[in-house]
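The block underneath contains the structure these notes are about, expressed in structure tokens.
The values are calculated or read from the model by the stated rules, or taken from the named source; none is laboratory data. This one's a predicted model, so the numbers in the text were calculated from it and none came from an experiment. Glycine gets a Cβ as well: all are built from the backbone with ideal geometry, and neighbour counts include every protein chain shown. Accessible surface is based on the protein model in full, side chains and every heavy atom, while ligands, DNA and RNA are left aside. Shrake-Rupley method; radii C 1.70, N 1.55, O 1.52, S 1.80 Å.
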Amino acid sequence: MGAARGRGVGSVGGGRAAEAAEVAAGALVAGAARMAKSSRENGPRAPAAGGSLSGTRESLAQGPDAATADELSSLGSDSEANGFAERRIDKFGFIVGSQGAEGALEEVPLEVLRQRESKWLDMLNNWDKWMAKKHKKIRLRCQKGIPPSLRGRAWQYLSGGKVKLQQNPGKFDELDTSPGDPKWLDVIERDLHRQFPFHEMFVSRGGHGQQDLFRVLKAYTLYRPEEGYCQAQAPIAAVLLMHMPAEQAFWCLVQVCEKYLPGYYSEKLEAIQLDGEILFSLLQKVSPVAHKHLSRQKIDPLLYMTEWFMCAFARTLPWSSVLRVWDMFFCEGVKIIFRVGLVLLKHALGSPEKLKACQGQYETIEQLRSLSPKIMQEAFLVQEVIELPVTERQIEREHLIQLRRWQETRGELECRSPPRMHGAKAILDAEPGPRPALQPSPSIRLPPDTTLLSSKAKPSKQVQKEQRRTKASGQMEKSPAPTPGTVVTASGDACPPQDVPPKNSVSQDPVPQDSAPQDLVYHRSQESLTSQESEDTYL
């Protein structure tokens, strides 16, 4: 990776070389800071010029902004402490007026939002059925955006994190109570204050947000000791914690690292280097102008795409766009990350007019670090991503090509990563989980007199019980004369008279109105309770 970094900045002379090297170090900070020593030597990344910070949600600079973050982090254990409860927070939890807060947003009408919530509740309560038969509908609804109130729950289902939690009961608690490896604990602890310092959940040093973040990251180093901790995992875990409790966030992080982005956080970062070459090759088809310019400037993909991909754009895009991208990412997989990167490159460098300000390597990298707010705007970006014709098959085909080239020039990969899963459907098919077979849920039970039985089928024990109860109540009120012979039911079954009440008794005194409805209410409440107990809607 050092050779790649040198190739990216070698042609820049004079004072620009040092500046370009700083930019390159910023782009590769996620991989370079795996150990405490390297993270301290490289130093934190400086914010982008112009105050826009390219939509990043935090500042890692030891400057005025970082000083402000440190000041805010000392306000108390939580954002409400020490009389600062009056601080205004936007809809996403960021302090209004901070770097993370956003201006005017496109609001979804309340009626539309309620309709979407109702549809998503139906899907989540019948998840296996929807995934098996209506996966395309789930994908379309993810593209429209998951309702905020159900986003955390939906991410758990889409990623398979819910299944992993059910398969490993008590595992997170076991990891949480373990001491952990000291070489990782120190690095994790010193990285906590860098993650979204202007979000109310992480604004306080030692607050509940930072504590949960530490627990999740420490648990992962114990769960995968061969990988340990990578700095780019922290923003991924932080975003998850904004939407769900620590245990659920941990299992979603496991799924991201093992299913969606396998090998991204390994020590050699080989997977991210391969995907950088894949991205650059796909760019030739999407935007030949941008591809030609980057080739002429000899800018290695690692210099601009490392943070994009490893953090899933959590530190690049405006927050509303981040959430929409993650909705699609959990449903469709890494192709969404590729599409977002290609859209940004296309609109940042894809025309001669935009390249006029990018005469050198340094200017080009700065252009990619200071992206125009227009191309990152939620509605524009999401539509461009949906319409971009880049498929899983193209990505996998290009992956094989780049892997072959890697093996020819560098030898075999040192890190053997598991195969990448392209979205929720692939994960579910590969790991269905310990769930019962799909069966319709008996949400409605009919009274015995309206139950239709086949001509050869016998009434169930429940039906016979209800019939005997009806007979007893009818006889006590009206003691009708016994009817000889057999009585034919409405369904055509011949039954002995002692099993079915007389016809006049049924017509005059039907099944007690309170018995079946009470049973129905009880059945529904039990089903609802089970559903609520098994799910965590984290608001």
Look through 234, 249 and report the one residue that is modelled with pLDDT of 95 or more and out of contact with any Asp or Glu (no Cβ under 6 Å at 6 or more places or on another chain).
249
Among 153, 139, which is the only one that is at pLDDT 95 or above, within 30 Å of residue 379 (Cα to Cα), assigned to a helix (DSSP H, G or I) and touching a Gly at 6+ places or on another chain (Cβ under 9 Å)?
139
Applying the selection to the range 118-129, what residues are open to solvent by 30 Å² or more (accessible area, probe 1.4 Å) and part of a helix (DSSP H, G or I)?
118, 119, 121, 122, 125, 128, 129
Residue under evaluation residue 186, criteria (1) touching an Asp or Glu at 6+ places or on another chain (Cβ under 9 Å); (2) touching a residue at least 40 places away in the same chain (Cβ under 8 Å); (3) among the charged types (D, E, K, R); (4) farther than 21 Å from residue 317 by Cα, criterion not met:
(1)
Yes or no: residue 134 free of Cβ contacts under 8 Å to residues at least 60 places away in the same chain, over 23 Å from residue 228 (Cβ atoms), open to solvent by 40 Å² or more (accessible area, probe 1.4 Å) and under 21 Å from the mean Cα position of the chain (by Cα)?
yes
Out of the residues in the range 265-315 that are in contact (Cβ under 8 Å) with a residue 12 or more places away in the chain and among the basic types (Lys, Arg), state the one that is nearest to residue 375 (Cα to Cα).
315
Whichever residue in the range 398-417 is assigned to a helix (DSSP H, G or I) and under 28 Å from residue 254 (Cβ atoms) and, among such residues, is most open to solvent (accessible area, probe 1.4 Å)
400
Give the number of residues within the range 246-267 that are open to solvent by less than 40 Å² (accessible area, probe 1.4 Å) and in a loop (DSSP other than H, G, I, E, B).
6
Please count how many residues of the range 206-238 are under 26 Å from residue 414 (Cβ atoms), open to solvent by less than 40 Å² (accessible area, probe 1.4 Å) and not in a helix (DSSP H, G or I).
6
Condition check: assigned to a helix (DSSP H, G or I), at pLDDT 90 or above and small (Gly, Ala, Ser). Does residue 50 satisfy that?
no
Please go through the range 385-436 and pick out each residue that is within 26 Å of the chain's Cα centre (by Cα), among the hydrophobic types (A, V, I, L, M, F, W, C) and modelled with pLDDT under 85.
415
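One line per residue, one yes/no per condition, for (1) surrounded by 20 or more Cβ atoms within 10 Å (Cβ to Cβ); (2) under 24 Å from residue 307 (Cβ atoms); (3) in contact (Cβ under 8 Å) with a residue 24 or more places away in the chain:
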position: 154; (1), (2), (3): yes, no, yes
position: 162; (1), (2), (3): yes, no, yes
position: 170; (1), (2), (3): no, no, no
position: 174; (1), (2), (3): no, no, no
position: 178; (1), (2), (3): no, no, yes
Can you name every residue in the range 360-376 that is touching a residue at least 40 places away in the same chain (Cβ under 8 Å), among the hydroxyl-bearing types (Ser, Thr, Tyr) and part of a loop (DSSP other than H, G, I, E, B)?
370
Which pairs have Cβ atoms under 8 Å, sit 6 or more apart or on different chains, and link a residue in the range 407-433 that is touching a residue at least 24 places away in the same chain (Cβ under 8 Å) and under 21 Å from residue 266 (Cα atoms) to one that is among the aromatic types (Phe, Trp, Tyr) and surrounded by fewer than 19 Cβ atoms within 10 Å (Cβ to Cβ)?
413/406
